[in-house]
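The values are calculated or read from the model by the stated rules, or taken from the named source; none is laboratory data. On a predicted model such as this, the values are computed, not experimentally measured, just so you know. Reconstructed Cβ throughout: ideal geometry from the backbone, glycine too, with neighbour counts over all protein chains shown.
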Amino acid sequence: MMDDAKISGEVKRIFEEVKTLLNVPFVPRVFRAMAADPERLAATWERMKEVMMTGEADIRTKFVAAYSAALSSNNRYFASAYRAALQRLGATEQEIEELKQVVELNRELDRSTSRLNLRPDLEP
């Protein structure tokens, strides 16, 4: 994993931007690990900014979706990161607990509908 003494140029610029835009005092491990491949780091960071920092949905809604997806896929790294982001954005412990309950309920419903091979009642 890339440490601060070894970074320069574009990687350093991205690291500083990550800290600023994510409002964290450190560069998360996922970005440090990607720094070994600066092109991948740059592409991932640009995509993250495009998806998370622009558009009609507000940032909190986007982090709720990201947190839910991380919980659904049992990704401890991102579940923890997105939970912390939600807390920084003002989410209470009760709200976060309710989100976890929604994800757990939907896991149960997903298993049931998959097992029963049900077609959707409504189509978008």
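Considering only residues that are hydrophobic (A, V, I, L, M, F, W, C) and either touching a Pro at 6+ places or on another chain (Cβ under 6 Å) or under 17 Å from Arg29 (Cα atoms) (or both), which ones fall in region 39-91? Spell out the reasoning first.
From region 39-91, those hydrophobic (A, V, I, L, M, F, W, C) are 41-43, 45, 48, 51-53, 57, 59, 63-66, 69-71, 78-79, 81, 84-86, 89, 91; that's our starting set.
Result: Leu41, Ala42, Ala43, Trp45, Met48, Ala70, Phe78, Ala79, Ala81, Ala84, Ala85.
So Asn23 clears everything in (1) on the phi < 0 side of the Ramachandran plot; (2) assigned by TED's automatic domain parsing to the domain that holds Asp4 except one condition, right? Which one?
With respect to (1) on the phi < 0 side of the Ramachandran plot; (2) assigned by TED's automatic domain parsing to the domain that holds Asp4, Asn23 is out only on (1).
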